[in-house]
Structures are given as C-alpha cells and as structure tokens.
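Okay, so here's the structure we're looking at.
Where a number appears in this text, it was derived from the coordinates with a stated rule and is not lab data. As the structure is a computational prediction, the values presented were derived from the model and not from experiment. Positions of Cβ are backbone-derived with ideal geometry, glycine not excepted, and every protein chain shown enters the neighbour counts.
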Amino acid sequence: MNYHRFKLPEAYCPKCSRKVELLFSEETSALPQFYICFKCKTIGQFGLGELSANEFPAFSTERKKEIKEIIEEIPDKYKYKAQGSQLRLEEKSDTYTRRWLSLYEYEKAFGEELGFETIDFREDKRLCKWCNQPLEGRRRSFCSDRCSRNYGKATFFKRGISTLPYRIASRDRFYCRITGEDLAITNRFGVRIPASNQQLEIHHLIFVSNGGSDHETNLLTVSKQVHKEYHKGEINTVQAVEKIKAEQLLRHSDKMYTKK
C-alpha cells in the first residue's frame, strides 16, 4: 500500500483557509484519504471530517504498548553513545563529539519535558522588564515595543548559549550554586536580565566521560572560576560540589546516568 503526499491549488483547510497537503493511496480510493494543515495543525479524513486530537488515552493498554513499539522504529536524526548522553556520533569523521541535547531529544531520552521556559526577575510586576519604568494601559511586561525588542535580543537572539543550559541557568536564576555569585547581565538601566554575563557555565555532577547524562538533576549552574577550581581539585570547591552530587544521587541516580 503506497500513499502519495501532494498539494492541489483547490485544496484548502476548512478551519484556517490555508493550503493543505493531501495523502492519497495509489491503489484504491477505498482506503482512508487524508488532508493535513500544518498551519492550524488540523488533520482530516475525507468522509469523516476533522480527526480529534489527544485520543491516545482511549486505546486499550495492549494497543498503547503496540503503538509505542511501532513509533520506536522511527529513525533518530542523530546517533548518541547512550540514551541521555550528549556524545553524538559524527558520520563524516565516525567520532563522538559533545553536543547539548535539544529539547526534543531531551524529552525523548527522559520521557519528560524540561521546564523553566520563562523567567522573570521583577519583584514588582507593574514595572517594565527592560527599563524598570511603570507599565501603562494593558501592558504586562514591557512599556514599549523597543524595550520588548531589546529584551528579546539580550535573552534570545544574542544570548550565546544553547537552550538546554539556558533553561538550567533559568532554574538556578542565573546564580552560581556554590558561591551565590550573580551570573546574569545588568543592562544600562540597572535591571538584571536573564542572560549570561559570560562567566556562567554548566557543570555535570556525573562527568560525561563517566556516563553522566544531560538530565537536569545532573546539571549545576556554576561560575567559570568555580568550574576551574573544581577540575583543578581545590578542596573547598570540590567538597561543596560533591555534597550536592551526593544529595542528587540519593534521589535521582536513575536519571543522572545514561542508559544503553
């Protein structure tokens, strides 16, 4: 049974009026035929209409198991040394290089989403996130579009850090977990912004070389100086980090190590 995916000028989504992609079988029209809209995420079957979303719980336990086994056959874009590892196989050189997991890869590896998506340092929510001026009218975050753009540049477009470590830093509110040093930038208005001041690093409690994963329980926000001291073996720093490591292992050892 072969399905063909294509578009036709007269095929539009009934919800948003955008062009849809069609999925038709080559052999017979007796098989289900579908239309897919990637704008409003509508999937419809000809003769039945729009298909309901989030119907997975309706399946029996046995069928759910079968479905999960089937989707495991979907090939991954990249190959990693182990589940949850950031050691990615580079096909051209046939060697492993270190790459932070994407949010998609994180969710697939650990079966959970990584939170800490947004962070707001404001103590007074009536003030602008960027310039600290009072908000007027219906504005809830920025007093002007210019402030919104400047904030976006600092915290996203020019933040110079991958998404996963950025969210770990957000979890720790951009403070070093060992010394309490402030690792966020302060803009020209004297406002603390959730972006690295270039002294922020993320430490793996269980080293990647020892099978440590990229799960958030294995990651710690530290300053460059602390990171350097730890790997040099400075006693006080090592003791402080190892204390946190021991506490995490008691509760999350199953997530802190990669799985074959």
According to the Kirkwood expression over distinct Cα-Cα pairs, how big is the hydrodynamic radius of region 1-144, in Å? 20.7
Between Lys65 and Glu10, the FRET efficiency computed from the C-beta separation at R0 = 41 Å comes out, to the nearest 0.05, as 0.50
So if R0 is 25 Å, what FRET efficiency would Asn197 and Leu127 give, r being the distance between their Cβ atoms, rounded to the nearest 0.05? 0.70
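May I ask for the net charge around Ser144, where only other residues with Cβ less than 12 Å from the Cβ of Ser144 are counted and Lys, Arg are +1 while Asp, Glu are -1?
Details: positive: Lys129, Arg139, Arg146, Arg149; negative: Glu136, Asp145.
Around Ser144, the surrounding residues sum to +2.
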Mind checking the alpha-carbon convex hull of region 87-256 and giving the volume per residue in Å³? 152
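Restricting to Cα pairs below 8 Å that are 6+ residues apart, what does the relative contact order work out to for the chain? Please round to a whole percent. Spell out each step's value before the answer.
On the way: 380 pairs, mean separation 32.6, N = 260.
Reported as a whole number, the value is 13 percent.
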Pseudo-spin-label distance Thr118 to Ser141, built 7 Å along Cα→Cβ, given in nm, is 0.6
Calculated from DSSP helices alone, with each H run of at least 4 adding -39500 (n - 2.57) and the total divided by the residues of the chain, [θ]222 nm to the nearest 500 comes to -8000 deg cm²/dmol
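Enter the per residue convex hull volume of region 6-86, computed from alpha-carbon coordinates, in Å³ rounded to the nearest integer. Kindly include the intermediate steps, with their values, before the conclusion.
Numbers: hull volume 15.0 nm³, N = 81.
Convex hull of Cα atoms, per residue: 186 Å³.
Calculate, in nm to one decimal, what Ile244 and Phe46 gain on full extension: separation in residues at 0.36 nm each, minus their alpha carbon distance.
Numbers: separation 198, 0.36 × 198 = 71.28 nm, distance 5.69 nm.
Value of the extension gain: 65.6 nm.
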How big is region 128-171 along each principal axis, measuring the range of its Cα positions in Å and listing the largest first? 35, 19, 15
